[in-house]
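Step one of this worksheet: look at the structure below.
The values are calculated or read from the model by the stated rules, or taken from the named source; none is laboratory data. The shown structure was predicted, so the numbers you read here are calculated from the model rather than taken from an experiment. FYI the Cβ positions are ideal-geometry reconstructions off the backbone, even for glycines, and counts take in every protein chain you see.
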There are 2 protein chains.
Amino acid sequence: MKAVVLFSGGLDSTVLTYHLINQKAEVKLFSIDYGQRHQREISSSRMIAKLLNLNHSVLELPMIGEILGGSALTDTTIELPEGHYAEESMKKTVVPNRNMILLSLAAGHAISLNFDTVAYAAHAGDHTIYPDCRPEFADSMEKSLNLADWNEIKLYRPFVNLTKEELVRHGLELGVPFEKTWSCYAGGNLHCGRCGTCVERKEAFELVGIPDPTDYN
Amino acid sequence: MKAVVLFSGGLDSTVLTYHLINQKAEVKLFSIDYGQRHQREISSSRMIAKLLNLNHSVLELPMIGEILGGSALTDTTIELPEGHYAEESMKKTVVPNRNMILLSLAAGHAISLNFDTVAYAAHAGDHTIYPDCRPEFADSMEKSLNLADWNEIKLYRPFVNLTKEELVRHGLELGVPFEKTWSCYAGGNLHCGRCGTCVERKEAFELVGIPDPTDYN
């Protein structure tokens, strides 16, 4: 497998990267700066890519926020909700059609590199608020990717039915340096510990029963 | 119907715009500067939007060419092929996964505007070299768009089985100002008359049997 990995520098896509290396896949990391409030994740992505000595591209698309208004992740005038992902208020963190946009860019990059696969780390915990993390979305996108070029592009999403807890367990087996990954949406230099993704991260370490290596504010 | 139209300022998407107006749809025009050699089409898109007094956004994504290498449309070091679209050499004008990228951005914009539809003007003449203009690709993308958000986004592609000739006939009935549309890929200020899209444009006017209003170099 030759895979372009949608790589945010977060916990999920870092576990995915280790998973692919473990499977002896050829890996190209691909990150996108879409004007997200939490630019800090881009620095994490660079650090982890360097640590693994992997080829990595960061595409700068800061203007994209102009046409995708209404998300607290790209519009700092909208207050970032705190609490659990399952809460209704978290819908403010949805960036419209983000995954299709990111997957389509990654697939274009894969085609230009003659790679055969795009990999992304959507997991079961995402489904309650992010429509574009659902397995049926991923299945349909795979069919679209198969037809986007004369050669089939595959969509690899091995975690789509895993919980965050299972994902952390898997990362533990693979030796993932969790402390180097970045989850927080709030835009600070330390994890805030209160936004949806921080709450989910904390909870996963607790459920697995290992010390949380994250520095919180 | 409230439709975001993928609008290049070319003949096809201009006929589509007139078609939607004729159907009393609410229309938002959406153009993307992806670093194409033929920037001139962006000026045409602005002129036509103004003429029709339609809301129009142009998203600037010039960096995208960095990850989509290998197309003569975005890389000026690759010679632009001349001749008929059906020829093998025209594959050099394929921008990897362009339509999925453009459709996904248009859909994100539609979701943020609370619109229900994305419209694009792929037609039968495109199928021989562009995999992402095939009806089966459009059908699959519609399913993916249906699932990308909690509300369904529809994909409207009324010309997917029309030839360019039929498209020009339809434009003629609708009063499309063909002379204001831009097709040429070569990047000059007048149409070159020799690249694939110029050859197809000329041929369509001939087949319909009307004078070609285009100024050629």
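Hey, among the residues in segment A:184-217 that are without any contact (Cβ under 8 Å) to a residue 40 or more places away in the chain and crowded, with 20+ Cβ neighbours inside 10 Å, which one's farthest from the chain's Cα centre (by Cα)? My answer is A:191. All conditions but one from (1) of a type in the set (Ser, Thr, Tyr); (2) in contact with a Lys or Arg (Cβ under 6 Å, 6 or more places away or on another chain); (3) over 30 Å from residue A:114 (Cβ atoms) apply to residue A:140; the one that does not is (3). Is there any pair with a first residue in segment A:11-23 that is modelled with pLDDT of 95 or more and a second that is buried (at least 19 other Cβ atoms within 10 Å of the Cβ) and of a type in the set (Val, Ile, Thr) whose Cβ atoms are under 6 Å apart and which are 6 or more apart or on different chains, and what are they? Going by the 6 Å Cβ cut-off, the qualifying pairs are A:11/A:181; A:14/A:48; A:14/A:176; A:14/A:181; A:15/A:176; A:17/A:5; A:18/A:176; A:20/A:27.
For segment B:177-216, which positions are among the small types (Gly, Ala, Ser) and in a loop (DSSP other than H, G, I, E, B)?
Within segment B:177-216, the subset among the small types (Gly, Ala, Ser) is B:183, B:186-188, B:193, B:196, B:204, B:209.
Of everything in segment B:177-216, those that are among the small types (Gly, Ala, Ser) and in a loop (DSSP other than H, G, I, E, B) turn out to be B:183, B:186, B:187, B:188, B:193, B:209.
Matching residues to (1) surrounded by 19 or more Cβ atoms within 10 Å (Cβ to Cβ); (2) over 18 Å from the mean Cα position of the chain (by Cα); (3) at the interface with chain B (Cβ under 8 Å from one of its Cβ atoms); (4) without any contact (Cβ under 8 Å) to a residue 60 or more places away in the chain:
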| site | (1), (2), (3), (4) |
| --- | --- |
| A:118 | yes, no, no, no |
| A:123 | yes, no, no, no |
| A:126 | yes, no, no, yes |
| A:162 | yes, no, no, yes |
| A:166 | no, no, no, yes |
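Of the residues making up segment A:104-116, those that are in contact with a Leu (Cβ under 6 Å, 6 or more places away or on another chain) and either of a type in the set (Phe, Trp, Tyr) or crowded, with 24+ Cβ neighbours inside 10 Å (or both) are A:106, A:107, A:108. For segment B:144-160, check the following and say yes or no: at least one residue is in contact (Cβ under 8 Å) with a residue 12 or more places away in the chain and part of a helix (DSSP H, G or I). Within segment B:144-160 (the criterion being in contact (Cβ under 8 Å) with a residue 12 or more places away in the chain and part of a helix (DSSP H, G or I)), the answer is yes, since at least one residue qualifies. One residue stands out among those in segment A:87-103 that are buried (at least 20 other Cβ atoms within 10 Å of the Cβ) and more than 9 Å from chain B (Cβ to nearest Cβ): the one that is farthest from residue A:35 (Cα to Cα), which is A:90.
The C-beta contact set for segment A:81-105 (first residue modelled with pLDDT under 85, second residue charged (D, E, K, R) and not in a helix (DSSP H, G or I), distance under 7 angstrom, 6+ apart or interchain) comprises A:82/A:194. In this structure, is residue A:77 surrounded by 21 or more Cβ atoms within 10 Å (Cβ to Cβ) and either farther than 30 Å from residue B:29 by Cβ or without any contact (Cβ under 8 Å) to a residue 24 or more places away in the chain (or both)? The answer is no for residue A:77. Of all residues in segment B:24-44, those being modelled with pLDDT of 95 or more and either out of contact with any helix residue (DSSP H, G or I) (no Cβ under 8 Å at 6 or more places or on another chain) or among the basic types (Lys, Arg) (or both) number 4.
Just one of (1) in contact with a helix residue (DSSP H, G or I) (Cβ under 8 Å, 6 or more places away or on another chain); (2) among the charged types (D, E, K, R); (3) over 18 Å from residue A:38 (Cβ atoms); (4) assigned to a helix (DSSP H, G or I) fails for residue A:173. It is (1).
Out of curiosity, is residue B:174 more than 14 Å from chain A (Cβ to nearest Cβ), surrounded by fewer than 23 Cβ atoms within 10 Å (Cβ to Cβ), modelled with pLDDT of 90 or more and within 18 Å of residue B:13 (Cα to Cα)? Yes.
All of A:45, A:31, A:13 fail the test of being buried (at least 20 other Cβ atoms within 10 Å of the Cβ) and not in a helix (DSSP H, G or I), apart from A:31. Of the numbered criteria (1) without any contact (Cβ under 8 Å) to a residue 24 or more places away in the chain; (2) over 18 Å from residue B:182 (Cβ atoms); (3) surrounded by fewer than 19 Cβ atoms within 10 Å (Cβ to Cβ), the one residue B:67 fails is (3). Cβ-Cβ contacts under 7 Å between residues 6 or more apart (or on different chains), taken from a first residue in segment B:48-60 that is touching a residue at least 40 places away in the same chain (Cβ under 8 Å) and farther than 20 Å from residue A:64 by Cβ to a second residue that is assigned to a helix (DSSP H, G or I) and among the hydroxyl-bearing types (Ser, Thr, Tyr), are listed as B:48/B:14. Only a single criterion out of (1) within 14 Å of residue B:132 (Cβ to Cβ); (2) at the interface with chain B (Cβ under 9 Å from one of its Cβ atoms); (3) among the acidic types (Asp, Glu) is not satisfied by residue A:152, namely (2). Looking only at segment A:131-145, which residues are within 7 Å of chain B (Cβ to nearest Cβ) and either more than 19 Å from the chain's Cα centre (by Cα) or not aliphatic (A, V, I, L, M) (or both)? Residues satisfying the conditions are A:131, A:132, A:134, A:136, A:137, A:140, A:143, A:144.
Yes/no matrix, rows are residues, columns are (1) β-branched (Val, Ile, Thr); (2) within 15 Å of residue A:5 (Cα to Cα); (3) out of contact with any Cys (no Cβ under 9 Å at 6 or more places or on another chain):
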| site | (1), (2), (3) |
| --- | --- |
| A:101 | yes, yes, yes |
| A:104 | no, yes, yes |
| A:115 | no, yes, yes |
| A:136 | no, no, yes |
| A:139 | no, no, yes |
| A:145 | no, yes, yes |
| A:155 | no, yes, yes |
| A:165 | no, no, yes |
| A:168 | yes, no, yes |
